[in-house]
Amino acid sequence: MSITQPTDAPAAGSSPTGRSLGIGSGRPAHAQRGKPHYGIHLFLTVLAIMWLIPLVWTIFTALRPKADTDKYGYFSFGGSFNFDNFSQAWTQGGFAQYAWNSALITIPSVILVLFFASMMAFAVSRVNWKFNVTLLIMFTAGNLLPPQVLAAPLFEMFKLLPLPYSVSDSGSLLNTYISVIAVDTAFQIGFVTFVLSNYMKALSPELTEAALVDGAGVWRQYWSIIMPLCRPALAAMGTLEVIFIYNDFFWPLLFLQSGDRLPLTTAVNNLQGQFLSNYNLIAAGAMITAIPALVIYLLLQRHFVAGLTLGSSKG
């Protein structure tokens, strides 16, 4: 009896896992896995430390009483640590009212930005018509203009636009949340439209084609098909917009003339003394203003990271 060798058997000196073992490739397995990038790791570590130093020092200063800082100096570790500066900053700065003001500005602005930008992104990416590319270029080009150059024209326009006193106690758009919400919405729509349109283009066109065959109109395609698929992108954009609009200091300070209507980012200014500055108290106030944005990011972190990686691969 003769035994024939299978023609597809691996050659001598090789194995089915020879590729992973580095056999037959002429290079050892550890060489195929790539060399460790010590330089990149060192650079990123140094960059992370440099980025965290101001934050850590702010927290350290906020936890120290001013008396200990005056006694031992800012660059020292002596004395006690407590949260007295945080409670004093909250009451002295009126942070509760300012936090409510920030919510009245940020929440409507973010909702309007996402709503209008998603509709515009759908129009320029999923609908074939004459001006879709032109409008997308116009919205993208609007981001190249610094918003501050329009401060004087917008101030004059809002001042001359009459409103009934039942809506505005100034008789115009000045000193109203409407003015700040309108400006924040207008200047953020371009960026969000550009990002969402790129994501919507990556969605399969068969989705809307099948819906069109089934009799779905444009609004039904937008609201019932495209929008549910854009949740990661909307969460990522929503997180960024909350941070951008919440941290905005210029437009509320320009349009809101009543101090009790200013947002939380301006409340730190109330902790500034006329002749003496308590930097421990100011550091505590700065940390309080950073907490809402940090909470929003932590709540939407999973969607935010997913939104950043969208479109990175095909298939």
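Expressed as a whole percentage, what fraction of the accessible surface of segment 44-174 belongs to carbon and sulfur atoms when a 1.4 Å probe is rolled over the protein heavy atoms?
On segment 44-174, the fraction of accessible area on carbon and sulfur atoms equals 75 percent.
Over segment 60-147, give the accessible area per residue in Å² for a 1.4 Å probe, as an integer.
Normalised by residue count, the accessible surface of segment 60-147 is 57 Å².
If you plug each phi of segment 230-236 into the Karplus form 6.51 cos²θ - 1.76 cosθ + 1.60 with θ = phi - 60°, what whole-Hz ³J(HN,Hα) values come out, in order, with x for Gly and Pro?
9, 4, x, 5, 5, 5, 5
May I ask for the Kirkwood hydrodynamic radius of segment 99-238, worked out over all distinct Cα pairs and given in angstroms to one decimal?
That comes to 16.9 Å for segment 99-238.
On a 1.4 Å probe surface of the protein chains, which of V127, V113 comes out largest in accessible area, and what is the full order?
These residues rank, largest area first, as V127, V113.
What ranking of K159, K130, K66 comes out by heavy-atom accessible area, probe 1.4 Å, highest first?
K130, K159, K66
If you place +1 on the Cβ of every Lys and Arg and -1 on the Cβ of every Asp and Glu, how big does the dipole about the Cα centre of segment 99-234 come out, in debye to the nearest 20?
In debye, rounded to 20, segment 99-234 gives about 160.
To the nearest 10 Å², what's V167's accessible area with a 1.4 Å probe?
Roll a 1.4 Å probe over it and V167 shows about 90 Å².
Where does segment 69-118 land on the Kirkwood hydrodynamic radius, alpha-carbon pairs, in angstrom?
14.4 Å
Under 17 Å between alpha carbons, and skipping anything fewer than 8 positions from K66 in its own chain: which aspartates and glutamates qualify?
Here the aspartates and glutamates satisfying the reach criterion relative to K66 are D84.
Leaving ligands, DNA and RNA out of it, rank Y297, Y199, Y165, Y72 by accessible area with a 1.4 Å probe, largest first.
My answer, sorted largest first, is Y165, Y72, Y297, Y199.
Please give the length that would be gained between A67 and Q148 if that part of the chain were fully extended, namely 0.36 nm times their separation in residues minus their C-alpha to C-alpha distance (nm, one decimal).
25.1 nm
The values are calculated or read from the model by the stated rules, or taken from the named source; none is laboratory data. A quick note: this is a predicted structure, and the numbers were derived from the prediction, not measured. As a convention, Cβ positions derive from the backbone with ideal geometry for all residues, glycine included, and neighbour counts pool all protein chains shown. Side chains included, ligands, DNA and RNA excluded: accessible areas come from the protein's heavy atoms. Shrake-Rupley method; radii C 1.70, N 1.55, O 1.52, S 1.80 Å.
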